[in-house]
Amino acid sequence: MNVVLAPSILAANFSRLGEDIKILAKNGIKALHLDIMDGHFVPNITFGPDQIKDFSTVVPTMELDVHLMVSDADALLERLAAAGVNSVTVHAEACGHLYRTLMKIKDLGMKTGVALNPATPFTQLLYVAEAGILDKVLVMTVEPGFGGQAYIPMSTRKIESLAGWRREFGFDFVIQVDGGITIDNVEMVVKAGASDIVIGSSIFKNNQMDKNIKAFADRLKLDLMEEK
Ligand code: DX5
Ligand code: ZN
């Protein structure tokens, strides 16, 4: 499976975000991970659909991958679709009507994802996976809300079990990981079964995005400059 690196702009310096996003694109990055937080589902606040629309004008071909950490995901879906978002991931813990929410995301022409907090079992996704409306499972490898936290070690076993479960049932969702990914643990999560790798601080650290991206690409033997 193709491995995708998706920088989380949460770790960027927002006073020069446009320029930084252009640097990511120049270094072969094809997907941006956009964390929307509402100060209610998680104790932090970020940005919303209007700002995402602005980001998309800077890098029009970049895939926009939204991670909703909000209590009312449904309220934002139309505006996210209108902003040009390609994929929306909602939290299982926040969605009382997960089937309906995923159907709505699909009807709006976007890909679906479900994020699971560290303590949430993936088996509760059985029926949405069977219904064929689950494109991605986001295994949170930290508690959501903040960048720069340390990877929770038991996550590796969870990713492996999820990959085994996917194989057993013949599902084809992508496994995404998010939180505390570094140059030292990235190979381990890919080996466990993740192919969509969200990276915040380790991409933006020292304001050396080019060097940091290259280090991840080298470690995973990826050719990011190859045309897809
Ligand atoms: C945390 C967010 C992450 C965060 C990852 O709630 O969902 O996307 O930006 O940042 P790092 O890689 O620094 O843990
Ligand atoms: Zn995220």
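The values are calculated or read from the model by the stated rules, or taken from the named source; none is laboratory data. Quick caveat, the model's predicted, so the values are computed rather than measured. Virtual Cβ from ideal backbone geometry, glycine too; neighbours counted across all protein chains shown.
Key figures for this structure:
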quantity	calculated
Residue check for residue 177: crowded, with 20+ Cβ neighbours inside 10 Å, among the hydrophobic types (A, V, I, L, M, F, W, C), within 15 Å of ligand 2 (Cβ to nearest atom) and within 21 Å of residue 112 (Cα to Cα)	yes
Boolean, residue 196 is surrounded by 13 or more Cβ atoms within 10 Å (Cβ to Cβ), more than 20 Å from residue 150 (Cβ to Cβ), of a type in the set (Asp, Glu) and within 16 Å of ligand 2 (Cβ to nearest atom)	yes
Those residues of the range 134-156 which are away from ligand 2 (no atom under 12 Å from the Cβ) and over 13 Å from the mean Cα position of the chain (by Cα), in sequence order	134, 148, 150, 151, 152, 153, 154, 155, 156
Filtered residue count, the range 51-65, keeping only those that are in a helix (DSSP H, G or I), among the β-branched types (Val, Ile, Thr) and in contact with a strand residue (DSSP E or B) (Cβ under 9 Å, 6 or more places away or on another chain)	1
Residues (within 11 Å of ligand 2 (Cβ to nearest atom) and of a type in the set (Ser, Thr, Tyr)) located in the range 6-22	8
Matching residues, the range 77-133, being hydroxyl-bearing (Ser, Thr, Tyr) and within 19 Å of the chain's Cα centre (by Cα)	87, 89, 101, 112, 120
Subset tally (residues that are of a type in the set (Phe, Trp, Tyr) and within 16 Å of ligand 1 (Cβ to nearest atom)) for the range 166-224	2
Qualifying residue in the range 1-8 (condition: at pLDDT below 95, over 14 Å from the mean Cα position of the chain (by Cα) and assigned to a loop (DSSP other than H, G, I, E, B))	yes
Matching residues, the range 53-89, being within 19 Å of residue 29 (Cα to Cα) and out of contact with any helix residue (DSSP H, G or I) (no Cβ under 7 Å at 6 or more places or on another chain)	53, 54, 56, 57, 60, 61, 63, 65, 67, 86, 87
Residues satisfying the stated conditions in the range 7-43, i.e. within 13 Å of residue 65 (Cβ to Cβ) and of a type in the set (Gly, Ala, Ser)	8, 31
Any hit, the range 39-47, residues being surrounded by fewer than 19 Cβ atoms within 10 Å (Cβ to Cβ) and in a helix (DSSP H, G or I)	no
Among the residues listed as 68, 80, the single one being touching a residue at least 24 places away in the same chain (Cβ under 8 Å) and in a strand (DSSP E or B)	68
